[in-house]
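The next block holds one structure in the form of structure tokens; read it before the comments.
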Amino acid sequence: MPVAGAWSRAARDVLPEMEGWRRAFHREPELSNEETRTQARILATLRELGIQSRTFRGSTAVVGYLGADRGGAAVALRADMDGLPVTETTGLPFRSRYPGRMHACGHDVHMASLLGAAKLLKARERELRGPIVLVFQPAEEDGVEGGARPLLERGIFRDPRVDFVVGQHVAPQIPLGSVGWRSGPMMASADEFLLTVRGTGSHAAFPHGGADAIVVASEIVLGLQTLVSRARDPLDPVVISVGSVHGGTRHNILPETVTVHGTVRTLSATTRRKMERLLRHRVQHLAESHGARVEIDYRRGYPVTSNPPGATGRIVEILRKELGPGRVIELERPVMGAEDFSRYLEKVPGTFLFLGVGEPGRPSPSPHSGSFAPKDRVLVTGAATLASAAVGLQAA
Ligand SMILES: [Zn+2]
Ligand SMILES: [Zn+2]
């Protein structure tokens, strides 16, 4: 048996309740900013637990409060709420009731873990030295605006003034029962670009009358790849991917417009700005060199998720005591996925953790796939991690 602290033992006792919450969320996944049933369920559960909460006009978020009268460090714990437009193929007894919608990113696990932590913390509320803010955040999957920014703008970190923030995400590359951590950049920034290339429509047999938008768009797609291979430091990761190209109706007509839609990922704010500048420049020049025009709609999405070393080190120490040192795993490298938890870390120190759901000998499907099915047992580690980190951060 792995070493386990008091929070893990307490979490094991509330596993049946957490399973119930998780399964109820899982059955009724809702897309970004539509999490109304999910919100109602969270509100009802917090009420049952005797925990005060509040909502915001025009938002599906819920924020709960423990130890509101304490003067010590305030810690925010965050779970995201939204599901995805994915068709579930797990065959689980609690599979999604809604065709084409699924909790395929484990946000059901994140919410049930946070409710579990809330229950554990409520039982020891008198021992809390500072407030604990339970943040149930919509729209993490949205990608551009997200759910964190609107909540920060509504002042959730101001009253009470939050000192630390902790969040977690299920991760198949970490074994079930363990957590993964990383100091510094852990997840990428994610920006989105939509290019509209405008050439001259013509008969395909007479291409010389103007700019062929299809050829220009093709050069742009390839030109973006040489930005990655030739215009940035090979030791500084960047991904530019084009996920959709649209244009034309049939083989012998050259269309007037072609759209190119893609994403830019980086691991530093400086590189992020540089890649945007280079992309605009390259795209503009490629189009001009053909006599075509291009409109560039560049949307800055989530910033780099970067865990400050000080707070991260403290949380790692707390978790080593709680879970046992073998179950607290340092990640070898960052991942190029993105998270709007990064927006909280721009305001206050804290850390984002990977919550292991990997099982030996059983290749785990990745998040966003219809067969992604983390085991309920992960909830024990999820709740113990959040509760112990919150109390531990207040102790110093
Ligand atoms: Zn996701
Ligand atoms: Zn997710």
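Post the alpha-carbon centroid distance, region 1-30 to region 211-236, in whole angstrom.
47
Going by how many other Cβ atoms sit within 10 Å of their own, how do His103, His281 line up, fewest first? Don't skip to the end; give the middle numbers.
On the way: His103 30, His281 12.
Ascending number of Cβ neighbours within 10 Å: His281, His103.
If the cut-off is 27 Å between C-alpha atoms, which lysines fall inside it for Lys274, apart from same-chain ones fewer than 8 positions away?
Lys347
For Cα pairs less than 8 Å apart in space and 6+ apart in sequence, what is the mean separation divided by the residue count of the chain, i.e. the relative contact order in percent?
Working: 916 pairs, mean separation 103.1, N = 396.
It comes to 26 percent, rounded to a whole number.
Ordered by residue, what ³J(HN,Hα) values in Hz, to whole numbers, does region 21-27 give under the Karplus form 6.51 cos²θ - 1.76 cosθ + 1.60, where θ = phi - 60° and Gly and Pro are x?
5, 4, 5, 5, 4, 5, 5
Could you please state, rounded to a whole Å, how far the C-alpha centre of region 317-396 is from the C-alpha centre of region 42-120?
Centre-to-centre distance over Cα atoms comes out at 16 Å.
Tell me, Arg78, Arg320 in order of fewest to most beta-carbon neighbours within 10 Å? Intermediate values should be presented prior to the final figure.
Numbers: Arg78 27, Arg320 15.
Final ranking by Cβ density, sparse to dense: Arg320, Arg78.
For Ala76, what residues show an amide H to amide H distance below 5 Å, using hydrogens built from the backbone and excluding near sequence neighbours?
The answer is Val133, Asp163, Phe164, Val165, Val166.
Against the longest principal axis of the chain, how steep is helix 36-48, in degrees 0 to 90 to the nearest 10, with axes from Cα atoms?
That works out to roughly 10 degrees.
Ranked from highest to lowest mean number of other Cβ atoms within 10 Å per residue, what is the order of the peptides 267-273, 89-95?
Working: 267-273: 16.6, 89-95: 13.3.
Top to bottom by mean Cβ count within 10 Å: 267-273, 89-95.
Write down the percent of antiparallel bridges among all DSSP beta bridges whose residues are both part of the chain, to the nearest 5. Show your work: numbers first, answer last.
Working: 45 of 67 bridges.
Just about 65 percent of them are antiparallel.
Can you compute the helix-only [θ] at 222 nm over the chain? Use -39500 (n - 2.57) per DSSP H run of at least 4 residues, normalise by all residues, nearest 500 deg cm²/dmol. Walk me through the numbers on the way to the answer.
Details: 10 runs with 133 residues, N = 396.
Helices in the chain give a 222 nm mean residue ellipticity of -10500 deg cm²/dmol.
Which ordering of Ile132, Ile315, Ile156, Ile51 is given by a fewest-first count of other beta-carbon atoms within 10 Å? Before the final figure, lay out the partial values.
Values: Ile132 30, Ile315 26, Ile156 23, Ile51 19.
Listed from fewest to most nearby Cβ atoms, that is Ile51, Ile156, Ile315, Ile132.
Based on a Kirkwood Rh over C-alpha pairs, give the Stokes-Einstein translational diffusion coefficient of the chain at 20 °C and viscosity 1.002 mPa s in µm²/s.
Working: Rh = 22.4 Å.
It diffuses with D of about 96 µm²/s by this estimate.
No value in this document is a laboratory result; all are computed from the given coordinates. What you see is a predicted model; the values in this text were computed from it and never measured. Here the Cβ is made from the backbone with ideal geometry for all residues, glycine too, and neighbour counts use every protein chain on show.
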